[in-house]
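Read-outs: derived from the displayed coordinates by stated rules, not from any lab. Keep in mind the model is a prediction, meaning the values are calculated, not measured. Here the Cβ positions follow ideal geometry from the backbone for every residue, glycine too, while neighbour counts run over all protein chains shown.
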Amino acid sequence: MRFGVKSIWTVIKDFYYQLTKMVVLNLLWLLCCIPIITIPAATGALAYATHVLIADESEYNWKLFFSGFKKTFWWIWRWFLPNLLIPLIFLTNIFLFQSENGTLNLIVRAGNILLLFGWSFLQTFTLPVLFEQKKPQIFMALRNSFAVFVHLPAYFLMTFLFFWTIMLISTILVIPLLVVTISFGMFFSMSMLKLALQEMKAQT
């Protein structure tokens, strides 16, 4: 628990020092999402640039966003489509499933809520893990994300809850979401993964 709180505070401070760069990346992401079809590539570009910034600030340049856009344009769909379709299936079952059996309705909806939560929970580090791999592999990323949970369950839960709390508040307020929240979410999850991997290595 203490390690989780300390890590969150460390990441927030690091983000503050990179605030200008992250606002620029957030605005670039927003502009590149306008055609809709480019949302996956824009997200991959944001992740790519953020990963470089965290790994080695001296190598960072805002133009890396466009390099990342090209490099991730195709493979990022392997991450994006499951994260679009799987939650959509769960949400469809939650809101549209109807049966004359009230108990069955309750079971199906409760089950899909749990599955939606479980899927979202597992995704906490999946995208950041993909950018740690030389060859991005979705199943390997899911497995490695789960490995972080096994080794640091409280840390994983704190990361998940903090991330979605910030996203929810920003969505309600709207302006932060447009200016900085998306890039913060990316920076936060990638930085928390980096600290988690360091802690796991120290434990072995």
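Note on segment 155-177: residues that are touching a residue at least 12 places away in the same chain (Cβ under 8 Å), aliphatic (A, V, I, L, M) and closer than 19 Å to Val23 by Cα amount to 2. Identify, by number, the condition in (1) touching a helix residue (DSSP H, G or I) at 6+ places or on another chain (Cβ under 6 Å); (2) surrounded by 13 or more Cβ atoms within 10 Å (Cβ to Cβ); (3) not hydroxyl-bearing (Ser, Thr, Tyr) that Glu59 doesn't meet. Evaluating Glu59 over (1) touching a helix residue (DSSP H, G or I) at 6+ places or on another chain (Cβ under 6 Å); (2) surrounded by 13 or more Cβ atoms within 10 Å (Cβ to Cβ); (3) not hydroxyl-bearing (Ser, Thr, Tyr) leaves (2) as the failure. Condition first: closer than 23 Å to Phe162 by Cα, outside any helix (DSSP H, G or I) and of a type in the set (Phe, Trp, Tyr). Now tell me which residues in segment 76-129 satisfy that. Scanning segment 76-129 gives a single hit, Phe125. Got a number for residues in segment 49-65 being within 11 Å of Leu28 (Cβ to Cβ) and either in contact with an Asp or Glu (Cβ under 7 Å, 6 or more places away or on another chain) or without any contact (Cβ under 8 Å) to a residue 24 or more places away in the chain (or both)? Total satisfying the criteria: 2. Leu115 fulfils the conditions (1) more than 24 Å from Trp29 (Cβ to Cβ); (2) buried (at least 17 other Cβ atoms within 10 Å of the Cβ) except for a single criterion, (2).
The residues of segment 143-190 that are crowded, with 18+ Cβ neighbours inside 10 Å and farther than 14 Å from Ser7 by Cβ, listed by number, are Asn144, Ser145, Phe149, Ser170, Leu177, Val180, Thr181, Ile182, Ser183, Phe184, Gly185, Met186.
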